[in-house]
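Since the structure comes first, as structure tokens, the remarks are kept for the end.
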Protein chains: 4
Amino acid sequence: MSTSDDLYAVADFCLIPMGTGEPSVAGYIAECQRVLEKSGLKYKVGYGTNLEGPWSEVSKAIHDCHLAVHAQGAPRIATDIRIGTRTDREIAPGTGNEAKVKRVEDILSK
Amino acid sequence: MSTSDDLYAVADFCLIPMGTGEPSVAGYIAECQRVLEKSGLKYKVGYGTNLEGPWSEVSKAIHDCHLAVHAQGAPRIATDIRIGTRTDREIAPGTGNEAKVKRVEDILSK
Amino acid sequence: MSTSDDLYAVADFCLIPMGTGEPSVAGYIAECQRVLEKSGLKYKVGYGTNLEGPWSEVSKAIHDCHLAVHAQGAPRIATDIRIGTRTDREIAPGTGNEAKVKRVEDILSK
Amino acid sequence: MSTSDDLYAVADFCLIPMGTGEPSVAGYIAECQRVLEKSGLKYKVGYGTNLEGPWSEVSKAIHDCHLAVHAQGAPRIATDIRIGTRTDREIAPGTGNEAKVKRVEDILSK
């Protein structure tokens, strides 16, 4: 799923439509979810949206969210992406984000 | 809970200990949860940690996470904070992060 | 300038007014600069705005930028803050951001 | 330079090597600059690194920085990327970041 030329990326992005004349962004974020659903990548919406997979696919999915949100009328978009890669640990596809939370919970439950 | 001089903030922060000699951060994040538990603020751990309350208290809680992680041995810490405020909508204390996700889900379920 | 209870913070923040009906943000960022000028902290505008000083003062300056931008009519604001602290190195007040860039330049010039 | 399927992106990224056993990151950031130099994209190092160009190229350049920093020994990397696109304004290649700062300066100099 990820070659040495395409690192596996565990990411979280927060997309902000600008110049829309309305403070609400839920409609745009919903549109992003439809885009992500089509991407086939694992994702989960929270403050930002968790997304993981090969770097190039993660990047393309976020790019396509921009395309979709521009198409909905937002003239400008600012997105903050947190993206992590690691070479010390093999990440089973789709498990990166959940595993991070679980390791913290395991420590706290001791 | 929040005066005009202390905006209500809905935030998400991702704290990264540096120079620790180990790629794992779960122990440090667990320590942060202990700090947040004492802060009395509403929080939830995911890719980053959701946190909300009066700006000054949210800021102090994250600062105190830095103090705690430095005390655990990390010589340097880099944190990314996403923080939002709004004046168009009254946010009932502790409901800001959940409400954001719910509005998206409501749109998608239509 | 910074006690053990107020870590020295080297930060960079990117403030995004939402729901303004215009994609341009320069007027709001200019207003932020006026706020930062009054704060007495060292700052520099780029993609985001570099800002450094005791954590509590850095946080208050950014909070006051939110207050000023709300006062200018933005109903909602989303800010991304990158903030770093370190205990391995004493940072002379106002030199943190410049020193980071200089260390990279020194390595490249070798 | 950028087709409708590859939005022009004005970005800033902050790459943090993890698990390195040393708090200093200047050597890794210098290595990133060598990667960016080869990318042919316009960039500038500050708190983060400004970078702009077609989205896919910007993304690949940051990915290749991860590859280079992993190759230098960092087992884990966390990067924060701020990335913006806009459809209301044509951006001459390589001018996006500078123009943003200039518009703020123009307002303040009035």
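The values are calculated or read from the model by the stated rules, or taken from the named source; none is laboratory data. Model, not experiment: these values are computed from the prediction. Glycine also receives a Cβ, built like all others from the backbone with ideal geometry; neighbour counts cover every protein chain displayed. To get the accessible areas, we keep the full protein, side chains included, count just its heavy atoms, and leave off ligands, DNA and RNA. Shrake-Rupley method; radii C 1.70, N 1.55, O 1.52, S 1.80 Å.
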**Complete:** Per the list (1) at the interface with another protein chain (Cβ under 8 Å from one of its Cβ atoms); (2) within 23 Å of A:Asn50 (Cα to Cα); (3) modelled with pLDDT of 95 or more, residue check on B:Trp55 breaks on (2)
**Request:** Could you tell me whether any residue of segment A:11-26 is in contact with a Pro (Cβ under 7 Å, 6 or more places away or on another chain), at pLDDT 90 or above and among the hydrophobic types (A, V, I, L, M, F, W, C)?
**Result:** yes
**Fill in**
The residue that is nearest to D:Ser24 (Cα to Cα), considering only those in segment C:88-102 that are open to solvent by 40 Å² or more (accessible area, probe 1.4 Å) and away from chain B (no Cβ under 13 Å), is C:Lys102
**Fill in**
Those residues of segment D:9-50 which are touching a Leu at 6+ places or on another chain (Cβ under 9 Å), of a type in the set (D, E, K, R) and at the interface with another protein chain (Cβ under 7 Å from one of its Cβ atoms) amount to D:Asp12
**Prompt:** Given the conditions (1) closer than 21 Å to B:Ile16 by Cβ; (2) out of contact with any helix residue (DSSP H, G or I) (no Cβ under 7 Å at 6 or more places or on another chain), which single one is not true for D:Pro93?
**Reply:** (1)
**Complete:** Within segment B:66-87, of all residues that are in contact with an Asp or Glu (Cβ under 6 Å, 6 or more places away or on another chain) and within 7 Å of another protein chain (Cβ to nearest Cβ), the one nearest to C:Asp5 (Cα to Cα) is B:Pro75
**Request:** Test A:Ile29 against the criterion of being free of Cβ contacts under 8 Å to residues at least 24 places away in the same chain and buried (at least 23 other Cβ atoms within 10 Å of the Cβ), and give yes or no.
**Result:** yes
**Residues that are open to solvent by 30 Å² or more (accessible area, probe 1.4 Å) and among the hydroxyl-bearing types (Ser, Thr, Tyr), drawn from segment B:74-87** = B:Thr87
**Asked** Just one of the numbered conditions (1) under 10 Å from the mean Cα position of the chain (by Cα); (2) small (Gly, Ala, Ser); (3) open to solvent by 30 Å² or more (accessible area, probe 1.4 Å) is not true of B:Gly21; which one?
**Response** (1)
**Prompt:** Which ones in segment B:37-54 are in contact with a helix residue (DSSP H, G or I) (Cβ under 6 Å, 6 or more places away or on another chain) and open to solvent by less than 10 Å² (accessible area, probe 1.4 Å)?
**Reply:** B:Leu51, B:Glu52
**Prompt:** Restricting the search to segment D:56-73, which residues are surrounded by fewer than 24 Cβ atoms within 10 Å (Cβ to Cβ) and at negative phi?
**Reply:** D:Ser56, D:Glu57, D:Lys60, D:Ala61, D:His63, D:Asp64, D:Leu67, D:Ala68, D:His70, D:Ala71, D:Gln72
**Item:** Test set (1) under 30 Å from D:Ala26 (Cβ atoms); (2) in contact with a strand residue (DSSP E or B) (Cβ under 9 Å, 6 or more places away or on another chain) - B:Glu37 fails condition number
**Value:** (1)
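Answer yes or no as to whether C:Arg34 is charged (D, E, K, R), touching a residue at least 12 places away in the same chain (Cβ under 8 Å) and closer than 18 Å to B:Ile83 by Cα.
So C:Arg34 fails the test.
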